[in-house]
Number of protein chains: 2
Amino acid sequence: MAYELYYWPGIQGRGEFIRLALEEAGADYVDVARQPEGMDALTAVLDGDEVARPPFAPPFLKDGDVVIGQTAAILFYLGERLGLAPRDEAGRLWVHQIQLTIADIVGEAHDSHHPISVDLYYEEQQPEALRRAKTFREARIPKYLAWFETILARNPKSDSHLVGSGVTYADLSLFQIVEGLSYAFPRGMKRALAKTPLVAGLHDAVAKRPRIRAYLASDRRIPFNEAGIFRHYSELDG
Amino acid sequence: MAYELYYWPGIQGRGEFIRLALEEAGADYVDVARQPEGMDALTAVLDGDEVARPPFAPPFLKDGDVVIGQTAAILFYLGERLGLAPRDEAGRLWVHQIQLTIADIVGEAHDSHHPISVDLYYEEQQPEALRRAKTFREARIPKYLAWFETILARNPKSDSHLVGSGVTYADLSLFQIVEGLSYAFPRGMKRALAKTPLVAGLHDAVAKRPRIRAYLASDRRIPFNEAGIFRHYSELDG
């Protein structure tokens with residue numbers, strides 16, 4: 001039975017980390033909310049009273065009777081099944097820990113344009129966004145990228161994969177972080193990536209993987225836009 | 001061998017979610033950075049080049065050779081070992097999913113007083129904090145508490161535990177959320193909790209558990225303070 005991914009249909013957002021894993025594995029899946037009446041199905045799970053374990057927010061995944069929310073938990077669940085995580089407990093937990101750190105930078109990337117409230121437009125919090133984006137660009141992005149560079153350098157099996165010698169969902173997610181931040185902050189990221197060549201190399205290697213390349217060229221890949229998590233507002237790029 | 005918890009010594013912070021689980025289980029553990037030279041040991045893991053899989057930030061846990069960062073990942077690891085999580089995969093993942101949602105509200109609680117930068121003092125971002133705390137108090141806290149209330153009501157085994165019929169680390173963490181938010185926003189939380197009686201009841205029941213009660217009365221429990229995640233600034237409480 002196909003996996004069912006539920007996520008907002010117009011943006012890459014947090015759903016994209018799941019899409020990349022499903023695409024890399026060649027898994028059978030339906031991007032539910034992009035199908036006719038799909039948004040009704042999404043809303044029914046979130047707001048209805050049928051689901052015993054309702055997620056707090058999209059994305060969530062249905063696999064038969066199992067409903068799982070939280071991006072990192074979904075990837076933890078899929079990692080083993082899709083062959084995108086190590087088999088040993090310590091390895092699986094390490095990939096998950098990296099993913100949780102990626103979730104943290106995703107939250108900060110979101111708040112760089114929405115520092116006050118998710119319920120207000122960017123234009124209603126632009127002065128605050130200018131301040132927050134500056135520190136995000138100048139302090140936080142370099143700090144995160146330096147950590148990824150360190151763990152790539154310390155991986156005894158490979159310096160082009162975060163964990164072990166094969167691709168994991170964390171590699172795909174780090175690719176997406178570099179893509180997204182480069183879209184949002186082209187000037188800031190160019191400077192930052194120059195100092196983290198292993199991160200830049202991982203990004204380029206993931207982009208060339210046959211299934212990822214095919215996916216990125218397809219209409220299944222939603223273009224970046226200013227409703228998503230990674231938004232390009234040139235005034236925020238310094 | 002005792003578990004070693006590494007966290008900033010002067011605050012409850014994210015480390016407190018781990019402490020509560022270890023305390024409830026009566027586990028043998030050392031709160032490393034609160035011991036003599038403990039901060040050196042913490043810094044050596046974070047900044048040294050000895051650790052193959054260095055965490056991005058505290059808290060982290062050492063269990064023999066295993067080093068695990070990210071609060072939710074640490075609890076996922078400990079849950080099974082301490083008897084604070086269900087045994088089936090779906091149940092363990094559900095508790096973890098709840099914990100990840102708790103991590104999200106913890107991040108938002110932090111940003112209510114630090115909406116611009118972790119590298120600036122509160123006083124340097126107070127105007128922005130006033131705006132962010134208002135929406136956190138009025139929209140976000142009620143939304144999160146309503147979700148916890150819903151999942152308590154839908155738990156077929158109990159309406160005083162989030163998952164199944166016994167205590168899990170997610171129950172302990174929700175207790176801590178209620179404690180922390182009540183410290184930070186006493187007026188706002190009193191109003192919010194009046195609408196979520198199951199959440200209030202779970203909080204009270206956890207506080208009465210013998211080991212938790214003993215822990216809260218001990219000097220192992222660091223008092224809330226204005227260096228932590230949950231800070232009381234009366235101007236932010238509306």
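Just so it is clear, none of the values below were taken in a lab; they were calculated from the coordinates. Fair warning: this is a prediction, and the values are worked out from it, not measured in the lab. Please note: Cβ atoms are built from the backbone with ideal geometry, for glycine as well, and neighbour counts cover all protein chains shown.
Out of the DSSP beta bridges found with both residues in the protein assembly as shown, what percent are antiparallel (nearest 5)? Antiparallel bridges make up about 70 percent of those DSSP assigns within the protein assembly as shown.
How high is the relative contact order of chain B, in percent, counting Cα pairs under 8 Å that sit 6 or more residues apart? Intermediate values should be presented prior to the final figure.
Details: 337 pairs, mean separation 51.4, N = 238.
Relative contact order, chain B: 22 percent.
Placing unit charges on the Cβ atoms of the charged side chains and taking the dipole of chain A about its Cα centre, the candidate lying farthest along the positive direction among A:I98, A:S158, A:A139 is A:S158. Averaged over the residues of peptide B:95-102, the number of Cβ atoms from other protein chains lying within 10 Å of each residue's Cβ is 5. Summing Cβ point charges (Lys, Arg +1; Asp, Glu -1) relative to the Cα centre of the protein assembly as shown gives a dipole of roughly 20 debye. Among the lysines, select those whose C-alpha is under 18 Å from the C-alpha of B:K143, and discard any that sit fewer than 8 residues away in the same chain. Straight-distance partners of B:K143: B:K134, B:K190, B:K195.
Considering segment B:89-237, its Cα convex hull presents a mean projected area of 9.3 nm². Projected onto their three principal axes, the Cα atoms of segment B:3-82 cover extents of 32, 25, 20 Å, largest first.
Take B:S158, A:S182 and order them by how many other Cβ atoms sit within 10 Å, fewest up front.
B:S158, A:S182
Once you average over the residues of B:104-112, how many Cβ atoms of partner chains fall within 10 Å of each Cβ?
Partner-chain Cβ atoms within 10 Å, mean over residues of B:104-112: 2.
Other chains near B:127-135: what is the mean number of their Cβ atoms within 10 Å of each residue's Cβ?
On the way: counts 2, 7, 1, 1, 7, 6, 1, 2, 6.
Whole-number average of other-chain Cβ neighbours for B:127-135 is 4.
Give me the dipole magnitude in Debye, nearest 20, for segment B:89-237 about the Cα centre, with unit charges on the beta carbon: positive for Lys and Arg, negative for Asp and Glu.
Details: 20 positive and 18 negative charges, 137 e Å.
Rounded to the nearest 20 debye, it is 660 debye.
Of all DSSP beta bridges located in segment A:3-81, what percent are antiparallel, nearest 5? Walk me through the numbers before you get to the answer.
Working: 7 of 10 bridges.
Here the antiparallel bridges make up roughly 70 percent for segment A:3-81.
Taking the centroid of alpha carbons for each part, segment A:16-75 and segment B:102-145 are 28 Å apart.
Place a label point 7 angstrom from the Cα of A:D219 along the Cα-to-Cβ direction, then list the residues of segment A:32-58 whose backbone nitrogen is under 19 Å away. In segment A:32-58, the label zone of A:D219 (backbone N under 19 Å from the point 7 Å along Cα→Cβ) covers A:32-39.
Under 15 Å from a label point set 7 Å out along the Cα-to-Cβ vector of A:D88, the amide N atoms of segment B:15-53 belong to B:52-53. Think of each Lys and Arg Cβ as +1 and each Asp and Glu Cβ as -1; about the Cα centre, that makes the dipole of segment A:3-81 roughly 240 debye.
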